[in-house]
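Asker: Shown below is the structure under consideration.
The values are calculated or read from the model by the stated rules, or taken from the named source; none is laboratory data. This structure is a prediction, so every number in the text was calculated from the model and none was measured. Glycine gets a Cβ as well: all are built from the backbone with ideal geometry, and neighbour counts include every protein chain shown. Calculation scope for accessible area: heavy atoms of the full protein, side chains included, ligands and nucleic acids excluded. Shrake-Rupley method; radii C 1.70, N 1.55, O 1.52, S 1.80 Å.
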Amino acid sequence: MYMLAHIALNGLNASVFAGIFQLNTTEVGALTSCMLCPLVVYLYQKSTKRKRNHKGRVQAFNTGLQTVGISLCLAVFTAFLTITFAQYEKDNTSLISLLGIVVAGPITEEIIYRGFVFRKANERWGTTAAIAVSTVLFGIAHAGIVQIIAAMLAGFVFCLALYNGENIVWAVLAHMGTNLLLCWEPLYRLSPVSYLVGCVGFVLFIKTFIRKFRIELEGE
C-alpha cells in the first residue's frame with residue numbers, strides 16, 4: 001500500500017509539478033518524499049508502541065560509529081557502481097533535491113521498508129525472511145539496473161543497522177549519511193584505496209551482524 005501510494009504520488013507530481021516548476025526527475029522524487037514524510041512518520045508513531053531503548057553510553061557510542069562507517073562504505077560502493085556502469089549526472093544541487101535526498105527521503109523510505117515492511121515480515125516469517133523481503137522491495141522501488149543493485153545492497157545494510165542497533169533511528173541516520181555523502185561530488189573521484197577501505201568496513205559490519213544473529217539463535 002505504501003509503495004503504491006509513493007508511486008502514484010510520484011507520478012502525479014511528475015505530470016503536474018514537473019512542467020509547471022521545471023523540475024527534473026530527482027527533484028520530482030524529492031518533492032514526493034517531502035510530501036509523504038509527515039504522513040508516514042505519523043502513521044508509524046501511531047502503529048508502534050514507543051519503547052525506550054536504554055542502551056549504555058559505550059554501546060550507543062559504538063553503534064553511532066558503526067552507523068557512520070556503514071554510511072561511508074555504502075557511499076563508496078554506490079559511487080563505484082555509478083562510475084563503472086553509469087554516467088554520473090549531478091542534478092541534486094537544488095534545495096528541494098537536498099531536502100528530499102538527505103532528510104525526507106531517508107525518513108520516509110526507512111519507515112516504509114524497515115519500519116513497516118521489515119517489522120511485519122519479521123513478525124510473520126522471522127529475521128532472515130524480513131531482511132530478504134525488505135531488501136528486494138526497496139531495490140525494486142528504484143529505477144535503473146545500477147540504482148536497483150545499489151539500493152538492494154543499501155537496503156540489506158540498513159536492515160542490519162536496524163537489527164544491530166535495535167532502533168530504526170540508526171537505519172535512518174545511516175541512510176541520511178549515505179545520501180549526504182553521495183551529494184558530495186568529490187566522492188566520485190576517490191582513489192582505489194578508498195574502495196578497499198569500504199570493502200573492509202563492509203565485511204567487518206557483516207561480521208558484527210553474524211555474531212549477534214548467532215548468539216540470538218543459540219539463545220532460542
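Asker: Label-point separation (nm) for K212 and N62, each offset 7 Å from Cα along Cα-to-Cβ?
Answerer: According to this spin-label approximation, the distance is 1.0 nm.
Asker: Same structure again: Please report, as a whole percent, how much of the solvent-accessible surface of region 142-190 comes from carbon and sulfur atoms (probe radius 1.4 Å). Mind dumping the intermediate values first?
Answerer: Details: 1500 of 2060 Å².
That fraction is 73 percent.
Asker: Using 0.36 nm per residue, how much length does the chain from S94 to E166 gain when fully extended, once their Cα-Cα distance is taken away?
Answerer: 22.5 nm
Asker: Tell me, what is the FRET efficiency for V203 and A8 to the nearest 0.05, using R0 = 35 angstrom and their Cβ-Cβ distance as r?
Answerer: 0.35
Asker: So what does I83 come to for accessible area, using a 1.4 Å probe and Å² rounded to 10?
Answerer: Roll a 1.4 Å probe over it and I83 shows about 80 Å².
Asker: Rank K207, K212 by accessible area, highest first, at a 1.4 Å probe radius?
Answerer: Order by accessible area, largest first: K207, K212.
Asker: Note the full-extension length gain between I140 and C183 as 0.36 nm times their separation in residues minus their Cα-Cα distance, in nm to one decimal.
Answerer: Additional length available on full extension: 13.3 nm.
Asker: Any idea what the dipole of region 102-214 comes to, in debye rounded to 20, about its Cα centre with Lys/Arg Cβ at +1 and Asp/Glu Cβ at -1?
Answerer: Details: 9 positive and 5 negative charges, 83 e Å.
Taking the Cα centre of region 102-214 as origin, the dipole is about 400 debye.
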